Amino acid sequence: MAKRNKVPEFLKMANDLKKNASRYAASESVKFFKESFVKGGFTDTSFLPWKKSASPLAGKRTLYKKGTLMQSIRKQMETMERVVVEADSEYAEIHNNGGYITVTERMKRYWWYQYTQLSGKVKKTKSGRVSMAKANRKVSGKAEFCKRMALMKVGTKIKIPKRQFMGESQTLLMNFESFFDGRVDVVFKQHLNNK
């Protein structure tokens, strides 16, 4: 008697593939966008490096001082039809898209506070003059930057350069396609081996 081939459960396989693809898309998107902070730029069809910060208060890596903005990137929603990833930091949009911020009284108070904190660390000579030691010049430069910011008039516009870290990316879409093609091959090979 001839062996009967089992008909593949195409609908179940398709649903399993879609679920796996959604999970993969969500986790890989979060990972891909967080890598922007490690690389110092965003990758669409090619890598676009960020403009370096002119602030003496910036960390060694642009947009990464404590890692708060990077850590705010997370999956917001994941279904078989849609995946949403967001950065829920209050500064995410202005850094990702660039634009202008307006100086407020609250900002000025913040900068005065930073100035007083930093200028308190400036060492002076016995005669009362500011020491020109290298470490002192560095602290002094930071304090002067804070003072300049604190002296800005309320309502002044400050330009924030675009430093995109998330958004549409052809590279990320190609990664998804490669994963999905590979999963289709695996699922069909498993089915053929189980016949």
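Assuming charge only on the beta carbon of Lys and Arg (+1) and of Asp and Glu (-1), the dipole of the stretch 89-147 about its Cα centre is about 740 debye to the nearest 20. Computed over the stretch 26-127, the percent of Cα pairs more than 16 Å apart is 70. Once backbone amide H atoms are built at 1.01 Å from N, Gly41 has Trp50 as its partners under 5 Å, excluding neighbours fewer than 5 places away on the same chain.
Considering only alpha-carbon pairs that sit under 8 angstrom and 6 or more positions apart, the relative contact order computed for the stretch 100-159 is 59 percent.
Karplus-based coupling profile of the stretch 37-42, in residue order and whole Hz: 6, 6, 7, x, x, 10, with θ = phi - 60° in 6.51 cos²θ - 1.76 cosθ + 1.60 and x standing for Gly or Pro.
Give Lys60/Lys121; Lys39/Lys75; Lys39/Lys147 a once-over and call out the pairs whose C-alpha atoms are over 24 Å from each other. Going by Cα-Cα distance, Lys39/Lys147 fall outside the 24 Å limit. Across the chain, the relative contact order, built from alpha-carbon pairs under 8 Å that are at least six residues apart, equals 29 percent. Each of the GluC sites (Glu not before Pro) that DSSP puts in a loop and that has at most 14 other Cβ atoms within 10 Å breaks the chain; the longest unbroken stretch is 91-167. Considering all C-alpha pairs of the chain, those separated by over 27 Å amount to 53%. Projecting the Cα positions of Met107, Met80, Gly182 onto the charge dipole of the chain (unit charges on Cβ atoms of Lys, Arg, Asp and Glu, taken about the Cα centre) puts Met107 furthest along the positive direction. For the stretch 115-185, the fraction of C-alpha pairs farther apart than 16 angstrom is 70 percent.
Here, each number is a calculation from the coordinates, and none is a lab measurement. Here the structure is a predicted model, which is why all the values come from computation and not from measurement. In this analysis, Cβ positions are derived from the backbone assuming ideal geometry, glycine residues included, and neighbour counts consider all displayed protein chains.
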